[in-house]
Structure formats: structure tokens, C-alpha cells
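Worksheet for the structure shown next.
The values are calculated or read from the model by the stated rules, or taken from the named source; none is laboratory data. These figures come from a predicted structure and were not determined experimentally. Neighbour counts run over all protein chains shown; Cβ positions are idealised from the backbone, glycine included.
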Amino acid sequence: MYNTEIPHNNLTIEAEEKSAALKVLNSGWLTSAEQVKEFENDLCNFFSLPDGHAMAVSSGSAALYLSLWALNAKNKKIGIPVYSCCSLRNATHLIGGTPVYIDSSVESPNIDINEVKNKNIDILIAPSLYGIPLDLTNKYKFKVIEDISQAIGSKVKGKKIGLRGDVGVCSFASTKLITSGGQGGVIISKNKSIIKMLKDYRDFDNRDDEKIRFNFLMTNMQAAIGRVQLKKLPLFLKKREDIFQQYYNSGLHLLNPLNDDFSPVRHRAILISPRPNEVIKSLKINKISSIIPLRKRELLDSKIKYRNAEKFTKKLVAIPMYPRLSKNHQLRVIKVLQNISK
Ligand SMILES: Cc1ncc(COP(=O)(O)O)c(C=O)c1O
């Protein structure tokens, strides 16, 4: 019997992150200040944008809400995938918009943009789930918030995604590809005036007028940790890719985009199986943790049936995937899974 547990997800917080956090604590400037500005500049650089095109905030949910606010979403129809994180629904309701739920495509939990084109919506929130880029190539009659919370660094035709809509949002919560100390998020846009307007809304303190604003600030400590993690992102992505290839080349049936133009990042390794509960049980017996990434009851709307999304709730298992997953542990996961299919 194995005596070490293999978690499903695990953080990579090392000496550099700890030292960056300590430096902020020692500086006495804990609030939102120079580290946040630097993180915003680093993010602009990452997305090949000039400075001034990114705004760091307290969470990915805050980034979604603020994007909707910037696009005047109150009383508008907001398209959101039914197979997605509940923060999309939360942000839509908080702004006073009406959600219009969209089914997954046939081949992946991502929506099929061709299905959306004919929907009567004003704004679409478009996430690329599990690191697989959403196909988002044309101009649409609605506005688009591109959500790369699970896909920062993934590319289409060699170009990083995130800027294909009016605004892009990303979460840096601890389960994501990088974290700014547990929570955090960013909004990016090619349109600098949107970011300027949003900064005016976020930076609520010490103002001379009576305009309503709100505290969505990221702290200096979050930003300092985020900066270290962003620097490490290429290495993290490479390690995740190596693990994915190890699984894939061992014959595991994993969710992977069919389109050669897409370069996904491996936010999750998603096993496709007709018996997910049996897989989870067998892994658990061998001290390996795995999860159903989204259950039927977590779909964002239960009023009508969403055929494809429902199908994905019943046949996907997320198996261990994180940069520090050792080769030995990868091989143990593979061995158990190979034995199940025998
Ligand atoms: C696609 C997507 N968008 C937005 C969010 C919200 O991010 P946060 O948890 O930072 O509020 C999440 C995460 O949970 C997510 O998966």
C-alpha cells in the first residue's frame, strides 16, 4: 500500500514568493501601492500591451463584475455558458443583467461560438475552460468579455488569448495557473479608456467629488506574490505540459482540442471516462485524489436541459495536475488508471 497521498491540485509557493511578501510587510506599505502598479505593468508586458492597459483587482469575480459595469450591462442580456463557474452568474445578477445560458459545444465544455452568433444577447462572457482556448475569431454584434481565468498563456495561431473581446479578465485565485497570494484578478483591454474609467471606479479613497466608487483594490502583498508567479508562469506551463504529455503518451483518454491552431495550457488534465465515480474510487484506494470538475447540480441553470453540458458533467474526471507533481507520482496515477481499463 502507498503511504503518500497525491493531491489533485497543489500550490507552488517557494522562497521567492515568501521573500517578496516579507519585503512588503517590512516596507510598511501594505495597501494598494507601487507593487500593484508594477504588477499591472508586468501584465501589460506579458500581453504585449503598452503600460496602462491592465488593472489589478481583488478577485476574478471582481474583474467580471467591473467588466460588466464598464460595458453598461445593467438591464442587458448577458450570454454565459451553463457549464462554467458560478462567479459568471453571480456577476451577471449583481450588475442587474439577465443571464442567457448557453450549452457546451459537442466536443468540449466550451461553448460553440457559431451557436451564440444567432442568440439575442448584448454581452457575452466567454471563458476558455480547463486551458482549452475558445474559438473566438469573428466580430460579433454583441460585446465580449474574454475570461482567461483557466487559460492564461494559451494561444491561438501563436498569439496569446485574452484580448479578443472588448475586455479580458483573469483570476489569480489559488486553484488557477498562477496566484497572487490566494485571491486576485486582472482586467485587460486594448482600449485604454476602459481601463482608465475602471481605475477611477476602483480607486475610491481621497477623492474630491461625490461619485459612487467601490473598493476592489488588490493589496501590495498580493501583487508582490503575483509578480513572482507571473515570472514563473512559462516554467509552470512547461511542467504542466510535460505531465500532460506523460499521461497522454501512456494512452490515457484526455480532453484535448482538435484544432491544430490552438495551443492549450494544462490547467487541468481531464480524463474522459464513461464511469467517473468508479475511476475516482479506484484512485482514492491508491491515495490519489481526483474530482468531477463540474457536477450536474453545478450547471448554472436547471430550468431546461442542456444536452452537451449535461453529458460533460457525467463523463469527466480531473486527475492530478500541478507543476510540482513528481514523475513517480505521475507514474502511479497512470498505473492505477491503466489497471482500471483492463
Ligand atoms: C472561468 C472563471 N472565471 C472567473 C472565476 C472567478 O474567479 P475568482 O475565484 O478569483 O473570483 C473563476 C474561478 O473560480 C473561473 O473559473
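Summary of values
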quantity: Residue that is nearest to Tyr83 (Cα to Cα) [pool: residues in region 156-180 that are polar (S, T, N, Q) and surrounded by fewer than 19 Cβ atoms within 10 Å (Cβ to Cβ)]; calculated: Thr175
quantity: Condition check for Ser174: touching a residue at least 40 places away in the same chain (Cβ under 8 Å) and within 16 Å of the ligand (Cβ to nearest atom); calculated: yes
quantity: Residue within region 147-165 that is of a type in the set (S, T, N, Q) and at pLDDT below 95 present; calculated: no
quantity: Any hit, region 258-266, residues being surrounded by 16 or more Cβ atoms within 10 Å (Cβ to Cβ) and touching a Leu at 6+ places or on another chain (Cβ under 8 Å); calculated: yes
quantity: Yes/no for Leu252 being under 19 Å from Ile319 (Cβ atoms) and in contact with a Gly (Cβ under 7 Å, 6 or more places away or on another chain); calculated: no
quantity: Odd one out for Glu107, checked against (1) outside any helix (DSSP H, G or I); (2) at pLDDT 95 or above; (3) of a type in the set (Asp, Glu); calculated: (2)
quantity: Filtered residue count, region 112-155, keeping only those that are among the hydrophobic types (A, V, I, L, M, F, W, C), in a strand (DSSP E or B) and surrounded by fewer than 20 Cβ atoms within 10 Å (Cβ to Cβ); calculated: 0
quantity: Boolean, Val169 is out of contact with any helix residue (DSSP H, G or I) (no Cβ under 7 Å at 6 or more places or on another chain) and in a strand (DSSP E or B); calculated: no
quantity: Looking only at region 211-257, and only at residues there that are of a type in the set (Ser, Thr, Tyr) and more than 23 Å from Glu17 (Cα to Cα), the one that is surrounded by the most Cβ atoms within 10 Å (Cβ to Cβ); calculated: Tyr247
quantity: In region 182-194, the residues that are touching an Asp or Glu at 6+ places or on another chain (Cβ under 8 Å) and more than 17 Å from Ile152 (Cα to Cα); calculated: Asn191, Ile194
quantity: Those residues of region 188-232 which are outside any loop (DSSP other than H, G, I, E, B), of a type in the set (A, V, I, L, M) and under 22 Å from Ser67 (Cβ atoms), in sequence order; calculated: Ile188, Ile194, Ile195, Met197, Leu198, Ala223, Leu230
quantity: Verdict on Val317 being buried (at least 21 other Cβ atoms within 10 Å of the Cβ), modelled with pLDDT of 95 or more, touching a strand residue (DSSP E or B) at 6+ places or on another chain (Cβ under 7 Å) and of a type in the set (A, V, I, L, M); calculated: yes
quantity: Which numbered condition Ile102 misses (of (1) within 16 Å of the ligand (Cβ to nearest atom); (2) among the hydrophobic types (A, V, I, L, M, F, W, C); (3) closer than 26 Å to Ser180 by Cβ); calculated: (3)
quantity: Scope region 82-99; condition assigned to a strand (DSSP E or B) and either surrounded by 19 or more Cβ atoms within 10 Å (Cβ to Cβ) or within 16 Å of the ligand (Cβ to nearest atom) (or both); matching residues; calculated: Pro99
quantity: Within region 126-146, tally of residues that are in contact with a Ser or Thr (Cβ under 9 Å, 6 or more places away or on another chain) and either free of Cβ contacts under 8 Å to residues at least 12 places away in the same chain or of a type in the set (Asp, Glu) (or both); calculated: 2
quantity: Scan of region 13-69 for residues that are more than 16 Å from the ligand (Cβ to nearest atom), outside any helix (DSSP H, G or I) and touching a Gly at 6+ places or on another chain (Cβ under 8 Å), ordered by number; calculated: Phe47
